[in-house]
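Okay, structure first, notes after.
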Amino acid sequence: MATTASSRAAPGAASRTEFAASPVESDAGASRSAAGPAARTAAGERSPFARTADLLAPYQPEQSLINLSLGEPRHPPPDFVGPILSRHIDEFRRYPMARGIEPFRRAAADWLSRRFALPRAIDPETEILALNGSREGLFYAAVAAARYVAPRKGAPAILMPNPFYPAYGAGARAAHCETVLLPATRDNGFLPDLDALDEATLARTVAIYLASPANPQGAVASRDYLALLIALARRHGFLVFSDECYSEIYTQEAPGSALECAGPDFASVVAFQSLSKRSNLPGLRVGFVAGDRNFLDAFHELRNVAAPQVPVPLQHVGAAAYGDEAHVEENRRLYRLKFDLADQIIGARYGYARPAGGFCLWLDVSAYGGDEAATIKLYREAGLRVVPGSYLARPQADGLNPGAGYIRLALVADIESTAEALRRLVKTLG
């Protein structure tokens with residue numbers, strides 16, 4: 001069965017990073033900063049945005065700044081946010097329940113049934129938990145998984161794509177699991193190559209993180225790919241953490257969910273969702289996790305004593321957001337216009353191809369001195385702030401960093417600023 005869009009990496013290509021006695025990962029591309037506590041922390045522990053700030057600190061832009069580095073949506077939030085908060089303001093006096101209020105869980109479950117072809121409806125009582133944004137859920141899930149799965153055959157490991165969202169690595173370290181990095185490159189369709197996973201690694205896997213649409217490349221996993229991943233998880237007794245926070249940002253075909261392929265019991269699969277991207281509410285910090293009820297029961301026990309809970313008024317906003325699609329379609333329309341601009345202005349430069357999902361551009365600048373050099377040049381000469389791709393990934397066992405030579409641009413600014421930024425990019429790099 002084909003598992004990725006194109007050719008396969010050689011078996012054993014995964015890179016292993018030991019947690020061991022120290023929680024600090026080594027990284028050949030360490031930050032340039034040498035002052036203060038950051039100098040004593042390996043780059044693998046640091047935010048890619050903090051590293052980018054260090055990289056650019058010595059320079060001043062020659063043009064007005066357009067920030068394309070942070071994936072923070074800047075489209076207007078839905079009109080109903082303020083009125084709903086006002087109606088429920090008194091509920092800030094209540095400690096939130098860890099599971100989330102019933103109206104929010106019901107609204108999230110109903111949305112999942114409308115949006116995806118699920119094998120059956122999600123039970124809002126047992127198969128959904130409210131999250132304080134998907135990031136904290138993705139982090140704490142690793143800790144819960146390490147306690148939940150049966151004893152592993154070898155050192156417990158958590159698998160993740162490389163490049164990856166930093167919360168995945170932080171969760172693996174907190175869970176005292178070895179991080180196994182799976183290169184997600186152009187050669188394998190920017191998704192981990194499932195055929196390259198050896199039996200010994202699978203036997204000691206606690207969980208695998210998968211983002212679809214992928215951040216930063218925008219690749220979307222097919223139904224066959226997800227079905228194969230879930231089959232591996234069930235055969236070897238590990239969990240699939242499906243990060244679907246970009247599922248509502250697409251310009252053509254709507255991405256699917258791992259829950260669609262999980263069967264009527266959703267065993268071994270949990271999907272993470274967020275209103276940050278879908279509804280332009282990154283500051284609301286509201287999301288949810290849905291799926292395997294047995295794992296979610298254990299996850300709830302951990303979150304009940306350790307995790308930040310979601311304020312009740314914010315959950316009422318979340319319930320309304322999951323009940324409305326008009327603002328989501330308008331959001332997609334705006335991103336569609338910006339990708340149209342990228343098609344027109346960038347064309348075939350830098351290996352650009354319109355991504356299947358998400359709102360990022362993943363551009364190959366290896367011919368322009370590499371990702372750090374291009375980032376500095378764009379900042380100094382064009383006033384564009386982007387992220388070096390190597391900061392979003394880690395070196396593999398062979399020393400190669402799958403993000404090296406790329407830059408990430410988040411198309412979150414308004415239409416006019418996006419057009420100006422893309423024109424400056426092409427003029428500066430050529």
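The values are calculated or read from the model by the stated rules, or taken from the named source; none is laboratory data. Since the structure is predicted, the reported quantities are computational estimates derived from the model, not experimental observations. Don't worry about glycine lacking a Cβ; one is built from the backbone with ideal geometry, like all the others, and counts go over all protein chains shown. Areas reflect the complete protein model, heavy atoms only, side chains present, ligands, DNA and RNA absent. Shrake-Rupley method; radii C 1.70, N 1.55, O 1.52, S 1.80 Å.
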*Among the candidates A117, A107, which residue alone is among the small types (G, A, S), open to solvent by 50 Å² or more (accessible area, probe 1.4 Å) and within 27 Å of the chain's Cα centre (by Cα)?*
A117
_Looking at D27, D90 in this structure, which one is more than 28 Å from I415 (Cα to Cα), of a type in the set (D, E) and at pLDDT below 50?_
D27
*Looking only at the stretch 399-430, count how many residues are more than 25 Å from the chain's Cα centre (by Cα), open to solvent by 30 Å² or more (accessible area, probe 1.4 Å) and more than 17 Å from P61 (Cβ to Cβ).*
2
*What single numbered condition from (1) small (G, A, S); (2) surrounded by 19 or more Cβ atoms within 10 Å (Cβ to Cβ); (3) in a helix (DSSP H, G or I) fails to hold for S86?*
(2)
*Could you list all residues from the stretch 137-155 that are open to solvent by 10 Å² or more (accessible area, probe 1.4 Å) and touching a helix residue (DSSP H, G or I) at 6+ places or on another chain (Cβ under 8 Å)?*
F139, Y140, V143, R147, Y148, R152, K153, G154
*Conditions (1) among the charged types (D, E, K, R); (2) open to solvent by 40 Å² or more (accessible area, probe 1.4 Å); (3) in contact (Cβ under 8 Å) with a residue 60 or more places away in the chain; number of the one not met by E127*: (2)
